[in-house]
1. Once you compute Rg and the Kirkwood Rh from C-alpha atoms, what is the Rg to Rh ratio for the chain?
2. What 222 nm value per residue comes from the helices of the chain, counting each DSSP H run with n ≥ 4 as -39,500 (n - 2.57) and dividing by all residues, nearest 500 deg cm²/dmol?
3. In a Gaussian network model over the chain where Cα atoms closer than 10 Å are linked, find which of Glu43, Glu61, Glu109 has the largest mean-square fluctuation.
4. Would you give the gap between the C-alpha center of the stretch 7-84 and the C-alpha center of the stretch 103-123, rounded to a whole Å?
5. Would you order Phe139, Phe178, Phe150 from fewest to most other beta-carbon atoms within 10 Å of each residue's own beta-carbon?
6. List the pairs from Lys63/Lys112; Lys50/Lys147; Lys44/Lys113; Lys47/Lys112; Lys44/Lys147 whose alpha-carbon separation is above 26 Å, in the order I gave them.
7. Using a Cα-Cα cut-off of under 18 Å, which aspartates and glutamates could be cross-linked to Lys154, ignoring same-chain neighbours fewer than 8 residues away?
8. Kirkwood hydrodynamic radius, the stretch 13-78, all distinct C-alpha pairs: what's the number in Å?
Amino acid sequence: MEYTIRVANTSDAQAVHDIYGAYVDSEHVTFTIDNPSVDEYREKIEKTLKKYPFYVAEDTEGKVLGYVYGSPLRPHDAYQWNVESTIVLAPDTPRRCGIATALYRKFMETLKKQGYRYVYGVIVDTNEASIALHQALGFTQVGHFKKAGFKNGKWKGIVWMQIALTEDVQAPQTPLPFDGE
Ligand SMILES: CC(C)(COP(=O)(O)OP(=O)(O)OC[C@H]1O[C@@H](n2cnc3c(N)ncnc32)[C@H](O)[C@@H]1OP(=O)(O)O)[C@@H](O)C(=O)NCCC(=O)NCCS
């Protein structure tokens, strides 16, 4: 299918809200139980873009098919070279067409240029599609927090998957802010 990838802007907040909202009832995709409001997504897009890429894939009519963005792994300063990723396609976006791969590759290419070192996918351990996507991209499992969350009457585990963007660096520079491209 034909699509383009571009930087998100605050007018994508409604689409991001609706796409994520389609999965909040599922214990396989997210531990979020109440979807944040459109205003909260607007703030998230604004805040994310100050530091990390936030890309959307859109079809030829401008419909958002899916998105990827970065967030801090942990708040403490020494973690600053690590990025947690979020990748989601709309429920009606065709699967296994490489859309998530294209979004993720662009995202990681930008993070690498900014000077980030590792990207982490944090995935419910029953989300086979997402685990397979991360494996296909070269991530490896570095952790498994069993029974980490309780949703829909069940305890669910989380796997942590990691990929290195750069070789070992002895004196890393502070990552550059996202330049909007
Ligand atoms: C997970 C998700 C992002 C994958 O998107 P996608 O565009 O279908 O993925 P791609 O086409 O780029 O897949 C790349 C590779 O990942 C693997 N893969 C992806 N989905 C798979 C599945 N359902 N089963 C097995 N392997 C899968 C395959 O190796 C695939 O390559 P191939 O199709 O050539 O065999 C999508 O299914 C989705 O948005 N799901 C709902 C939200 C979600 O779970 N997000 C992740 C939260 S952690």
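Throughout, read-outs are computed from the coordinates displayed, never taken from laboratory work. Please read all numbers here as calculations on a predicted model, not as lab measurements. With ideal geometry, Cβ positions are generated from the backbone for all residues, glycine too; neighbour counts draw on all protein chains shown.
1. On the way: Rg = 15.9 Å, Rh = 16.9 Å.
Looking at the chain, the ratio lands at 0.94.
2. Computed mean residue ellipticity for the chain: -8500 deg cm²/dmol.
3. Most flexible of the set in this elastic network: Glu61.
4. 15 Å
5. Working: Phe139 23, Phe178 19, Phe150 12.
Ordered by Cβ neighbours within 10 Å, fewest first: Phe150, Phe178, Phe139.
6. Lys63/Lys112; Lys50/Lys147; Lys44/Lys147
7. Result set, ordered by chain and number: Asp25, Glu27, Asp34, Asp125, Glu128.
8. Working: mean 1/r = 0.0758 Å⁻¹.
For the stretch 13-78, inverting the mean 1/r across all distinct Cα pairs yields 13.2 Å.
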